[in-house]
Amino acid sequence: MSQVEEKRSGWKKLINLEDWWAVWLGLIVIVAVVAGRLTSPVLPGRWGQNGNGILSAIPPEMLTGILITGVVSFVVFAIAVYFYGRKSLGQFMVAFPMVFVLAIAAELLGGYEPLRHYGINNVIWALLLGLIISNTIQTPQVIKAAVRTELYIKTGLVLLGTSILFNRMLALGALGLGVAWMVTPIVLVFMYWFSQKYLKMQEQRGLAIAVASATSVCGVSAAIAAGTAAKAKKEEISLAISVTLIFTIIMMVAMPAVIRLAGIPDVVGGAWLGGTIDATGAVVASASMLSEQAVEIASVIKMIQNILIGVIAFAIAVVWVSVDSKGVATTEKAKVSPMEIWNRLPKFIIGFVLASLVFSFVLPDATVSQASGAINGFRNFFFTLAFVSIGLESNFKKMAALVKGGSPVVLYLVGQTMNLGLTLLAAYIFFSGRFFPLPF
């Protein structure tokens, strides 16, 4: 490929990749809200206290606003689908209303105050509704075109950047480095060593490094990046993803309960969640069961950890071209471009940082305050859409059939146990306030 063709290919990625569209959609929503063209989404309210029944959460006069919210959400995501998946736009138009209805049902059920007290909110209901459908009647083919977990989550995370102002993000990030960048490489190296020394996975080195990366860094994205860099088979990457998805769902629900029962402070708990749960969206959803402060800390730590995806993929690619199929060093020189780091970097982080910079240093305080409510409303609703999608994608029978027990599960359990212990220790050291001053 010539340099001109390579440049053209690079520009095309800006409109052909879902990862970039999360940035563009997030920025479109932010600009529309700041310009006064978009107001807060209309969603079901709270109910279940003082004799308020479920109908009080969604009175007839609210239905028009909910419908408008659905239309706005559809238009936002249809723009992306049009550019990077034109053939599926018609299918998306049919499917999205079904996902939207499930999300509204989750918002309605999540507004039940007695259960919200115990952390069972709209995100949990979104996941449960999706799981019930996927694991009983199975997700209908007609709805799958709107099951776009990554797009919904990453767009929401770009919007989250407006809530975490830059000086605060830098302060949290400095402490978060201790959690994300110290523990991650230790767990990654240990898991790979354990897979080769004790599990004898010499013939499955690609699978081993994919599971190790998914566990120590960031779930699906890390599994794909590491597996691709190690030239793992597609089935091995799918297997690594299946293992992490099963346990991610368990962890995102169980860990907040453990944090509450153990009396762990939300600050430390948020840091623990951010450093251990294998998917960014799951981190946010899980932390939301604790507090907004936990969400803030967990999100920043996970994003810091996400940055390692490109670095680790690059390092793996260098090592793998320098050894043979059994891990023995060869005389072949590594020929891997440093651009690998950029290619593997999750692009939503760029949108997140840009949003934080603009709301920190460019917009007046009055504008920031006025826009925050609507932006946060859409952010939270996009997460609800994402977790409906996660549930609809998660069929336990199919995932269990892929896992088939054995070495990958043992590797994950041993590695994640170590990860949980080390990350909790790091979270306590950096976020308890006993060793380092907290920025709040």
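The values are calculated or read from the model by the stated rules, or taken from the named source; none is laboratory data. Small disclaimer: the values here were computed from a predicted structure and weren't measured. We place every Cβ from the backbone using ideal geometry, glycine too, and count neighbours over all the protein chains shown. Keep in mind that these areas ignore ligands, DNA and RNA; they rest on the heavy atoms of the full protein, side chains included. Shrake-Rupley method; radii C 1.70, N 1.55, O 1.52, S 1.80 Å.
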_Filtered residues of segment 268-278 (kept if at pLDDT 90 or above and either of a type in the set (D, E, K, R) or open to solvent by 20 Å² or more (accessible area, probe 1.4 Å) (or both))_ = TRP272
_Any residue at all in segment 50-60 that's farther than 15 Å from THR384 by Cβ, open to solvent by 40 Å² or more (accessible area, probe 1.4 Å), among the small types (Gly, Ala, Ser) and outside any loop (DSSP other than H, G, I, E, B)?_
yes
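Conditions (1) in contact with an Asp or Glu (Cβ under 8 Å, 6 or more places away or on another chain); (2) modelled with pLDDT under 95; (3) small (Gly, Ala, Ser), marked per residue:
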position: GLN3; (1), (2), (3): no, yes, no
position: SER9; (1), (2), (3): no, yes, yes
position: ILE15; (1), (2), (3): no, yes, no
position: GLU18; (1), (2), (3): yes, yes, no
position: VAL23; (1), (2), (3): no, yes, no
position: VAL31; (1), (2), (3): no, no, no
position: GLY48; (1), (2), (3): yes, yes, yes
position: ALA57; (1), (2), (3): no, yes, yes
*Residues in segment 146-155: is at least one surrounded by fewer than 22 Cβ atoms within 10 Å (Cβ to Cβ) and aromatic (Phe, Trp, Tyr)?*
no
*Is it the case that LYS197 is modelled with pLDDT under 85, open to solvent by 30 Å² or more (accessible area, probe 1.4 Å), basic (Lys, Arg) and farther than 30 Å from ILE28 by Cβ?*
no
_LEU27 being under 22 Å from the mean Cα position of the chain (by Cα) and surrounded by 15 or more Cβ atoms within 10 Å (Cβ to Cβ)_ = yes
*Of all residues in segment 80-94 being in contact with a helix residue (DSSP H, G or I) (Cβ under 8 Å, 6 or more places away or on another chain), open to solvent by 20 Å² or more (accessible area, probe 1.4 Å) and farther than 22 Å from ILE30 by Cβ, which is modelled with the lowest pLDDT?*
SER88
_Taking the criterion of being touching a Lys or Arg at 6+ places or on another chain (Cβ under 8 Å), outside any loop (DSSP other than H, G, I, E, B) and surrounded by 13 or more Cβ atoms within 10 Å (Cβ to Cβ), would at least one residue in segment 68-79 satisfy it?_
yes
*Selected residue [assigned to a loop (DSSP other than H, G, I, E, B) and over 18 Å from PHE387 (Cβ atoms)] from GLY65, GLY36*: GLY36
*Mind checking whether some residue in segment 115-132 is buried (at least 19 other Cβ atoms within 10 Å of the Cβ) and more than 26 Å from GLY65 (Cα to Cα)?*
yes
*In segment 133-145, which residues are assigned to a helix (DSSP H, G or I) and open to solvent by 20 Å² or more (accessible area, probe 1.4 Å)?*
ILE133, ASN135, GLN141, VAL142, LYS144
*Would you check if there is a residue in segment 279-287 being open to solvent by 10 Å² or more (accessible area, probe 1.4 Å), assigned to a loop (DSSP other than H, G, I, E, B) and aliphatic (A, V, I, L, M)?*
yes
*Which condition does ALA174 not pass, out of (1) surrounded by fewer than 24 Cβ atoms within 10 Å (Cβ to Cβ); (2) at pLDDT 85 or above, if it passes all the others?*
(2)
_Checking the condition in contact with a Leu (Cβ under 7 Å, 6 or more places away or on another chain) and among the hydroxyl-bearing types (Ser, Thr, Tyr), which residue from THR244, THR280, THR248, THR215 passes?_
THR280
_Scan of segment 95-132 for residues that are in a helix (DSSP H, G or I), at pLDDT below 95 and of a type in the set (Val, Ile, Thr), ordered by number_ = VAL123, ILE124, ILE132
*Could you please give the count of residues in segment 226-277 that are outside any helix (DSSP H, G or I) and either under 25 Å from GLN202 (Cα atoms) or touching a His at 6+ places or on another chain (Cβ under 6 Å) (or both)?*
4
